[in-house]
1. Go over the candidates B:266, B:278 one by one and state the one that is part of a helix (DSSP H, G or I) and under 29 Å from residue B:151 (Cα atoms).
2. May I ask you to list pairs of residues, at least six apart or on different chains, whose Cβ atoms are under 7 Å apart, with the first in segment A:121-141 being more than 14 Å from every other protein chain (Cβ to nearest Cβ) and the second being assigned to a loop (DSSP other than H, G, I, E, B)?
3. Given the options B:477, B:516, B:456, name the one that is modelled with pLDDT of 90 or more and exposed (fewer than 15 other Cβ atoms within 10 Å of the Cβ).
4. Considering only helices (runs of 4 or more DSSP H) fully contained in segment B:342-403, which possess at least 2 residues that are touching a helix residue (DSSP H, G or I) at 6+ places or on another chain (Cβ under 9 Å), at pLDDT 85 or above and within 14 Å of chain A (Cβ to nearest Cβ)?
5. Report yes if some residue within segment B:154-169 is closer than 23 Å to residue B:77 by Cα, touching a residue at least 40 places away in the same chain (Cβ under 8 Å) and over 17 Å from the mean Cα position of the chain (by Cα); otherwise report no.
6. From the list A:92, A:127, exactly one residue is closer than 24 Å to residue B:336 by Cβ and surrounded by 15 or more Cβ atoms within 10 Å (Cβ to Cβ). Which is it?
7. When segment B:458-480 is examined, which residues are found to be out of contact with any strand residue (DSSP E or B) (no Cβ under 8 Å at 6 or more places or on another chain), touching a residue at least 40 places away in the same chain (Cβ under 8 Å) and part of a loop (DSSP other than H, G, I, E, B)?
8. If we keep just the residues of segment B:294-308 that are assigned to a helix (DSSP H, G or I) and under 25 Å from the mean Cα position of the chain (by Cα), which is nearest to the other protein chains (Cβ to nearest Cβ)?
């Protein structure tokens, strides 16, 4: 019965392959590769405007440099905006390769970097190594919409400029998201919890210390 | 009721052997008769409807009138030997001596070096069908077998599928004796033993087991004889018939017996304590035991500068890993772990994939099949239509499919890399084909997790392999120089002072420190 035993094992394995449904399989042609983001704030409606620069894979032919297109969405938080953006696109947005986040100077001055940096750090795909740039233009989106003198993806160019600047002229301090966070987060909070019984001496101690 | 996988199959009654014995027995027990006419009648009956057999009766008168019969098979014999050294002396000379008539004939009449006397028809049949001549004498219940073999053989040429840049260019041929002679010529010692066996009920194929007595591992030799002794097969046309029956791990895709077409390789392996099996009718010589590293070793490694050949050997190992892993790795990256790709590469690959109809995993399977088809066609097709294949392969599949956006260009590159690296180690074509598909299936189902699981499975499987009880990969954890001198690199000859310790207990190969003048 060795043959049947092997057959049974093979059948179990075959089921495993089908039932897994190709877990986490995401086809490259069903992704919108977000290269950069620009974040503005609308004071009247109290919403964030987020512009996504997406590599435009369909438009360009293979010889010329790849162009990008811009998708804009709004939301009460960055996360909300990112979800709203998905409704405008047929494919899902993929943030894993984003390398530049442009923040308008209004956001930086009035709201602070925290909501933005917080989202970058918490999002599963976004990397902590993205470059954070503060735009001096009227809106952050203006920077991504630049057409003068440069063909191709603006975010890639910004990334390149920031990186080269550090080496060549050293005129500014460049920082990636992680270092920004470290520098601009005023209070460092470590979330923690502890299971205590009623008579836990530690709990009493903790209460007295916080009171 | 027991579940179906626990039920025992009833042992099949093997009455085949008994039937065979009965059938063979009739020939085995058939003895040579004293009467020449009876003998000739039996031979004619055995070879009825076999028109290549020639029968001749010679009668002499004079002092001692005698009658002789000779039987031979046309096409296998040298008619010159038969005419001038058998027929002519039989007609002219009279036997003298004290022995039986047939012995006297052999000692004083027939001018043939290799002779044998028998009274068994089975023996006669086996030899006459291999180009020998039977000599019957009237009144004698024995027959002589005279060696008159002469058949067309291929001349010694360089093996087509084991090309080398330098070193000996001789290859084995289909003749057992010629092959043995090529080994003997290179090993002029009494310690070289050549044991002859016969296998195959119908083909009666001669097989020679060669080894060097002082080097061979006796347990391996005993085990080999034991396994060969159990074989009962009707025909042996190639070394693989036997190797596949007697090998360890018969269901593994990896080789556990070696083969080569080169006499220098065989002698090299004999000198390391291995056993060679030469099979009549094929230029392939099997070697046992077979270590895993032999898949990557080439005889050239020992003939050229060791820096270069060590590099080549590492290339071969990388090629094996690449050809197994690359398709699965590519699918895992493209379909699961896009984070692994730098932005520019990601955009390029994504751009190519935009208008391609099939998912990456299926595309990989299809393209691999196309490549395998092209390769198989290249082997099987008549050689004078090779141009058609290259046009179809290169233009239609390479260019047109990409331009029509049916297949993504990176996939073509991946398949090409897979295919080319797969051809570097031709001895591993079976494991490569099997494990490439397994790795691909796992990787395209579970990403890098599946990739690492499948590669892990493969490594565990390789580590569990043995060849005639010898581990294919030594896991003793010895990293002494002499243990690894011929694994990942080939140490210079003056440093290879001992033989592989897994193969032989007679270690010392050369006295130490005889280098550099």
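1. Selected residue: B:266, the only one of B:266, B:278 that is part of a helix (DSSP H, G or I) and under 29 Å from residue B:151 (Cα atoms).
2. Partner pairs satisfying both residue conditions: A:121/A:128; A:132/A:175.
3. On the way: B:477 fails: modelled with pLDDT of 90 or more; B:516 fails: modelled with pLDDT of 90 or more.
Of the residues listed, the single one that is modelled with pLDDT of 90 or more and exposed (fewer than 15 other Cβ atoms within 10 Å of the Cβ) is B:456.
4. Output list reads B:343-353, B:360-380.
5. Residues of segment B:154-169 that are closer than 23 Å to residue B:77 by Cα, as a first pass: B:154-156.
Filter again for touching a residue at least 40 places away in the same chain (Cβ under 8 Å), leaving none.
No, the conditions are met nowhere in segment B:154-169.
6. Numbers: A:92 fails: surrounded by 15 or more Cβ atoms within 10 Å (Cβ to Cβ).
None of the other options fit; the residue is A:127.
7. Correct list: B:469, B:473.
8. Going through the qualifying residues, I end up with B:295.
The values are calculated or read from the model by the stated rules, or taken from the named source; none is laboratory data. Here the structure is a predicted model, which means the values were calculated and not measured. Here the Cβ is made from the backbone with ideal geometry for all residues, glycine too, and neighbour counts use every protein chain on show.
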